[in-house]
Structure formats: C-alpha cells, structure tokens
Amino acid sequence: MAKTTSQDSQATKSTTQAVKPVTMAAALNSAMRDALTEDPTVVIFGEDVGPLGGVFRITDGLTRDFGEERVWDSPLAESGIIGTAIGMAMYGLRPIVEMQFDAFSYPAFEQIVSHVAKMRNRTRGRVSLPIVIRIPTSGGIGGVEHHSDSSEAYWTHTPGLTVVTPSNPTDAYSMLREAIASDDPVIFLEPKSHYWMKEGVADQSRPALPMNKAAVVREGTDVTLLSYGPTVAVALKTAKLAEEEDLSVEVIDLRSLSPFDDETVGASVRKTSRAAVIHEAAQFGGYGAEVAARVTEREFYHLAAPILRITGADIPFPAPLLEKYYLPTPERILNALSTWEWEV
Amino acid sequence: MSLTDESRAPVELPDPEPFSLISASGKAVPAKARRGYNLPDLDILQKLYRRMVVARRWDTQVTALTRQGRLSTYPSARGQEASEIGTVTAMRETDWLFPTYRDSIAVWTRGVPTAELLSGFRGDWHCGWDPKMHRTAPQTTPLATQALHAVGFGTAAKLSKDPIAVATFIGDGATSEGDTHEAFNFAGVWQSPTVFVIQNNQFAISVPIAKQTRARLLADRAVGYGIPGYFVDGNDAAAVYTIVSEALDRARTGGGPTIIECLTYRIEPHTNSDDPSRYRGSADVEAWKAKDPIERLERYLDSKGAIDEALKESIAIESEEAATAMREAMNAEPALDPMELFEHVYSSRRPALLEQRDALAAELADSPNAEEASE
C-alpha cells in the first residue's frame, strides 16, 4: 500500500540543540544533517549536491554520511527537479531541493507556480507538499549574469507558497529546520553573500523565533528600516552611521516574506511613524511595493511621512564590476531618509 | 542502493508497424505477426470490452450534458477507449495513475465517483476526489507536468522498496513540451518504475502531429533515453493491455521505465468549444471510426462465441446505470461554500487570509441575493 503524506512532522520542534554554527553555510548544513538524522523521509537532491556538496558546499558531506539514496545528484534540469520532488512529496517523502542559483530556478517556474503552490488547495487539503526549495539568492558576490537575481516577488505573489529568508546563521538553522518540518512548500531564499560570514554565531541560549515572525534586530525611535536577507546587514550599518547624525534607527529583519508579520512591523511603525523598505530587487512591482502599501493601509494615521523604497534600480542586474552602483548602500539609504521633512 | 543504473544497456528502435493482436476487422492477428505475444485470456477481453462500452456511454453522456450547459467544458476521449481502458485495466489497485484532462474515462474506470471526478469540469472545485483513496493523481492541464510527478512518485516508491508501478498518460502535443523530455530522462537515469503511455491521437487541438515532430515515431525517442520503447495500435485494447501489463510488471520488479506510443484518434472535438471542421476533413474521421476499438473487440469476441445476449444485456444495463447516475450527479446543484475558498491554501491559518474571508462573509451577509442578482 502506498504511503501517505505524514501530517505529523517528525522533525523536532526544539531547534536549540544545534551544533554551534559558525557560518551560515555550516548552519544550513547542520540543519539538513539533523533533519536527515531525525526523519527518514527527508531526502535531498539537485544539481551537484552530492559528492561535490553543491557549488556553495552547503550539502558538504551529506552524501558521504547518509548515502546516495538520501542525498544524490539529479540530472541538470530544474523543472525536472521540482516536478519529481512533487511526486516524491505526494508519496510521503519530504524532499529538500536546491536550485543552484536564483535565475536558474526559472525553468522550474511552471512546476512551482502551477503545482507546488496549488496542490493542497486543488485537493482540498488532502495532498500537501512538504517540499523545501532552497535558492541561493541576490548579489554582492560579483557573479556573472544570471547569478545575482532577487526573485522573491515572483514567489510571494503566488498563493500557496511560504517564502522565507534568513539573514544570519542562527536563523538559517532554525528556519531551515522549521521549513523542513512544515507540511507546506517553502521557498527558502539563502543570501549567498552571507554564506561565509563568520561573525554570526548561533545563540543557543534562547528558543528560536518562529519562522513566520519578523525580528526587531536593533531598536530605535525615529525610523523603521524594513529589511530582509542581504539587506539586514546594510540596514544595521545604516543605523550605526545614523547615530552620528543623531538619528535613532530601528531595524527589522522581516525573515518571513510570505506570510508577512503585520503585527511586529505595525508596532514598530506606530512607534517611529516613519518607515523605509530596503531590497536588492528592482523597485517596480517589487516586494517593497507590497510592504509599503500594506503598512500604509494599516498604519496611515500613524505615519508622519510616505514610506520609502530603497531598492535596486529598474534595470537588469548589472555585470559584476558594476553591481556596486546598483545595490542599496547605507549612504543611499541615509540620503533617501534625508528627503523626508523632519520638522514635526 | 544507488538510484542510478550505470549498465547503460543499449535499447532498440521500436518496430515502425504498430503492434496489434486484433485487427481493425476484428480478426486475430496471425501468430507470426504477434511478435511472440499471445492474446489475453477471453475473460480479460470481456472485461476490456465491458469497460470500454460502459466508459463510452458515460463519456457520451458527459458530452451531452456539457452541450446542455451542465458542465463548463469536457474533453472527450471517444475513440481512445482502447488506450485509456487498456492501460488502467493492466494496472493493479496499488499502482498509481497520473492522468491528464483527456483521461476522465480512465479515472472513472479506476473507481472515482462521477460527481467527484467531474467537479473540475463542472466548476465546483479543481479536483474533487481524494487522490490517495483512489491512487489517482489530479488531472493536470499544464501539459506534460504530470509525467514528472509520476517519475518522482515512482522513484519515492523505489527508494521505499515499495513494489508498485506508476502509469502516466501524455498526449502527442505534450511530447513537444520540455517536461516530457525531462521526465523521460529522469526516469531513465533513476530507473523509476514509471510507464509512459503516449496517446498519439494525432491532433493537439488543431495542430497535426507532423507539425509537432519530424521523428518517424514518438516512441523512437525512447532509444535516446536508454528506455525500452513500443509502438502500439492504440485502438486495439488487447495490444495496449498486453504491452502495458508487461511494462508495469517490469517496473514493479526493478526493470525501470517504459515508453509506449499508442496510435489512436480523437473522434470528438478537442472540447465542446472546438471546431474541427477548420482543421480536418470528415473523411478522416470516418476512416478512423472504421477502426473503432469497441466494434473490433466485439467482432472478435463474437467470432469466439464469447459474447452472448445475456452479456450484452448486462453491459447495456450497466451502461444505462452509469449514464443515469452521471446525469443525476450533474443535475444536482453542487454544494458551493465560498468560505471554503480560504480553507486549503496553507496547512495553518494565515491572519491575512482570514481577514479576506471575513470580508467576503460580511459582503455576502450584506447582500444575501448578490449571487442571484449577478446571474
């Protein structure tokens, strides 16, 4: 008899006994290692994820330690990877698949948007697809064309998908564990410029913040910077520079792009009455437009100024030697904030 | 265990003559032309006959009710019964089917109740049945996407040492899609227990097969994937049943995937909104009607004395019961609950969705006759 999809996640709810991660890459690796150990239905496949450990080495050592029937190299075809992951999830496995780079996820667009996102709704909740689609995302590493896209708006615009992105190793571990344990499909965006950042060390003393919650990563009173993934670090730098100008900046790491944590963001905006959203993706029709619109709808009477978007320009992601002109910087953010009228 | 088969055993091109066991005139193909296969036992042939007759009656009734407006659309499989019913009759209950929109009679023959099956075409929900209960995936509309789901499902079964097989239907037009290539390739590399049944009904809506491929046969592609390929008379239920049975057995016992091209013909329009007079002549349709899958099997069974009045009578009763049940199911007003629209999108409730649900509820409460008024 065919197995059915487990409604009960076998993965642990406690995510705090992790091996102390040093880099985001190591944290992600630990999360998958722990999930593979605890749940026999977890499998990993994709391009080069086997003996090579992925082009970013995120799956390093997993084929060696868990065998080829748990972690293996697939043929080089992204629609095929997602399409077969759907079938595996229907059978009762919990596949984790890797899209090698952001822009290489596009061949899988149809499978993700037409099936991954819709299967549960289509079948009235009878078939859920517990698939994690890991996508190294965004720029900042001098990648050649197609290696630096920020594709989040495509996914957040699709009902049925959960879209999250960690900005530090602690979150990378706990959020990936929670994504694997989720019965819903999760687009897991990994800021590739942060893979090898070593300053982030997991704080094992406190319980992990749930994946669907935003985090106030720096408190302030004058402005709320809404950031996620690679722009959290940029927002924090901005906040530090702003101190010199006597501007108190609160920084929020959204973490979950869909669902959106209206509560945490709303509380912050009601306190500061000013907000700006920062992302690498192009501005027009981007994720920041949704953030600005929904915060405006809900908090308009608490706002002292229009919500700003400091984003990539509405141009294709530039060639590596030109990307520094495209990516949002603390200077650009401070300049944008200075366009507000500050007299109250 | 490794998924990958590194033996790379060569496979041969299929015979360009469609494999057949019972000719269009209803005679057994001579033993020397049967390529070593025997005809299925008479009780199997009677089962195929019964199922095809009942399925056609059901299909005809759905088409009629669609014309009356009870369903929003229906792609008929009339003329393709041998491929559809031959395939599902070869399957075990524990095997899984990954069908397309064309394959309603196959899904129905697998036991999915009419009202649940036609939910999508009537328009009350996208998929009305429980795929796990009937081991039948939802019918897909995006072409060839289901072939990859089948491969993944079969691969998961293989990894779990579960000796089942998976069958999936693909149309001739869908073989031009990239997902068909990826499905064949993944299945070959992983030796997934998947049987691909290509129903070459010769038209993708209006576009004939010559505009889809320059290949001699669609089944010729199998060689390129290291997969056995077969070219079968898709209007010969005995031939389809025989080749699909063998392929499913091979899949269940570790022999990997098979690609089977069934040459058939779509007698009806693509759907009720299609106009075939713009792209094909009635002479072609008549020529294919002469190769009808049901008539030929009936003639063969008759020649063997395996079809008497009592059998015909019981099939006729079953057909009418199916048609009546179908009419009743579609004439009953479907239960529609707009609040359910928000129920199944995620496994847990999202506040933003609940807000939208409550807004709709309030809207409906304010104007209880809103739905009637808009009609």
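Worth a mention:
- If R0 equals 51 Å, the separation of the Cβ atoms of A:Arg332 and B:Arg34 corresponds to a calculated FRET efficiency of about 0.10.
- Rounded FRET efficiency, nearest 0.05, which uses the C-beta distance separating B:Lys161 from A:Glu219 and R0 of 51 Å: 0.40
- Annotation: amide H-H contacts under 5 Å for B:Phe19 (H modelled 1.01 Å from N, sequence separation of 5 or more, or interchain): B:Phe231, B:Val232, B:Asp233.
- Angle of helix B:145-159 to the longest C-alpha principal axis of chain B, folded into 0 to 90 degrees and rounded to 10: 70°.
- Taking the longest Cα principal axis of chain A as reference, the axis of helix A:287-299 is set at about 60 degrees.
- Summary value for chain A: 16 percent relative contact order, contacts being C-alpha pairs under 8 angstrom separated by 6+ residues.
- Spin-label model distance (nm) - B:Asp366 vs B:Leu311, 7 Å beyond Cα toward Cβ: 6.6
- Separation of the B:Ser25 and B:Glu333 label points, Cα + 7 Å toward Cβ, nm: 5.7
- Karplus (6.51, -1.76, 1.60) ³J(HN,Hα), θ = phi - 60°, over region A:325-338, in Hz, Gly and Pro reported as x: 7, 9, 5, x, 10, x, 4, 5, 5, 4, 4, 5, 5, 6
- Taking every DSSP bridge with both residues inside region B:165-218, close to 25 percent are antiparallel.
- Centroid-to-centroid separation of region A:93-137 and region B:68-97 [C-alpha atoms, Å]: 28
- In this simple spin-label approximation, A:His302 and B:Asp43 carry label points 7 Å from Cα along the Cα→Cβ vector, and these lie 7.4 nm apart.
- Loop-located GluC sites (Glu not before Pro) across region A:144-181 with a Cβ neighbour count of 14 or fewer within 10 Å are A:Glu145, with loop assigned by DSSP.
- Taking Cα atoms only, the orientation of helix B:237-252 departs from the longest principal axis of chain B by about 80 degrees.
- Peptide A:124-130 has a mean of 5 when you count, residue by residue, the C-beta atoms of other protein chains within 10 Å of its C-beta.
- Gap separating the Cα centres of region A:271-336 and region B:304-365, nearest whole Å: 46
- Additional length obtainable on full extension of the chain from B:Arg349 to B:Ser277, 0.36 nm per residue less Cα span: 20.9 nm
- DSSP bridge analysis restricted to chain B gives an antiparallel fraction near 10%, rounded to the nearest 5.
- Electrostatic dipole magnitude of the protein assembly as shown [Cβ: Lys, Arg +1; Asp, Glu -1; Cα centre; debye, to 20]: 1640
- Nearest-20 debye value, chain A charge dipole, Cβ charges on Lys, Arg, Asp, Glu: 840
- Estimated dipole of region A:24-194 in Debye, rounded to 20 [Cβ of Lys and Arg +1, of Asp and Glu -1, Cα centre]: 540
- In chain A, taking the dipole from charged Cβ atoms about the Cα centre, the farthest positive-side position among A:Val22, A:Ala89, A:Ala293 is held by A:Ala89.
- Highest average packing first - B:71-82, B:289-300, Cβ atoms within 10 Å: B:71-82, B:289-300
Laboratory data are not the source of any read-out in this text; all were calculated from the coordinates shown. Just so you know, these numbers come straight off a predicted model, no measurement behind them. FYI the Cβ positions are ideal-geometry reconstructions off the backbone, even for glycines, and counts take in every protein chain you see.
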